[in-house]
1. Where both residues lie in the chain, what percent of DSSP beta bridges are antiparallel, nearest 5?
2. Which value at 222 nm does the chain reach when only helices count, each DSSP H run of 4 or more adding -39,500 (n - 2.57), with the total divided by all residues and rounded to the nearest 500 deg cm²/dmol?
3. On the principal axes of its Cα set, how long, how wide and how thick is the range 1-158? Give whole Å, largest value first.
4. Sort largest first and round to whole Å: the equivalent ellipsoid semi-axes of the range 162-256, each the square root of five times a Cα gyration tensor eigenvalue.
5. Whole angstrom only: what separates the Cα centroid of the range 103-149 from the Cα centroid of the range 1-78?
6. Take residue 58, project a point 7 Å from its Cα along the Cβ direction, then tell me which residues of the range 102-140 have their backbone nitrogen under 20 Å from it.
7. Based on the Cβ-Cβ distance from residue 135 to residue 98, what FRET efficiency comes out when R0 is 41 Å, to the nearest 0.05?
8. Fully extended, how many nm does the chain gain between residue 38 and residue 187 (0.36 nm per residue separation, minus their Cα-Cα distance)?
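What follows is calculated from the coordinates using simple rules that are stated; it is not laboratory data. Source: prediction; values computed, not measured. Cβ sites come from the backbone with ideal geometry, for glycine too, and all protein chains shown count toward neighbours.
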């Protein structure tokens with residue numbers, strides 16, 4: 001199986017380092033976006049991304065400093081860079097080389113700037129959400145810009161796996177960048193819900209953390225079959241067969 005997750009806005013270039021790395025499959029497309037964004041002023045970036053002047057300043061500087069080729073001198077592996085609620089639940093400081101290698105084969109991170117990333121792909125820090133209405137030469141949005149490219153990459157990756165099932169742990173914003181009908185393989189959506197007064201509901205912050213716990217569970221136990229996910233009990237969640245379907249597996253817990 002292949003897991004997909006969303007990226008995080010919080011990124012850190014310091015911390016653990018690895019010698020092994022790869023390069024983003026769609027880096028040439030990323031270069032086009034970075035060049036386009038580097039031409040925008042701080043004010044234009046703030047308006048485009050609906051961010052504060054302070055965030056616009058750091059975003060501006062990042063796109064001004066975007067430099068190819070990527071190397072360990074100017075970039076780091078994606079799984080080591082992303083932070084935030086989801087990625088903080090991945091125990092990357094304890095992962096072995098074998099676990100990083102497993103993640104490289106079974107995990108993909110969707111990205112507004114890079115399209116799709118393997119865990120060991122080198123990246124430079126950035127801010128660009130997939131829903132950003134950035135106009136490029138032929139498209140009005142990033143969904144149009146990435147049209148087909150992400151799906152093609154995922155399809156090619158799934159073709160190499162013994163259990164070619166896509167496990168969707170991404171947010172709706174990022175999953176919209178795919179064309180599931182063109183994928184050619186089954187997709188299972190994972191949903192985490194909190195039960196309060198007998199009613200299950202999604203709480204965004206808890207769902208993000210649960211996704212991170214499940215990714216860590218898959219990597220540490222090197223799970224390759226979707227059915228194994230039903231044994232996940234991190235954070236007190238349990239697979240709820242009564243509210244799940246073939247296409248959407250729901251994990252619930254009492255609201256904390």
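1. For the chain, the DSSP antiparallel bridge percentage is about 40.
2. So the calculated ellipticity at 222 nm is -9500 deg cm²/dmol.
3. Largest to smallest, the principal-axis extents are 44, 33, 29 Å.
4. One finds semi-axes of 22, 16, 13 Å for the range 162-256.
5. 10
6. Output list for this probe position: 111-114, 123-132.
7. Step by step, r from the Cβ atoms, then E = 0.40.
8. Taking residue 38 through residue 187 to full extension adds about 50.0 nm, to one decimal.
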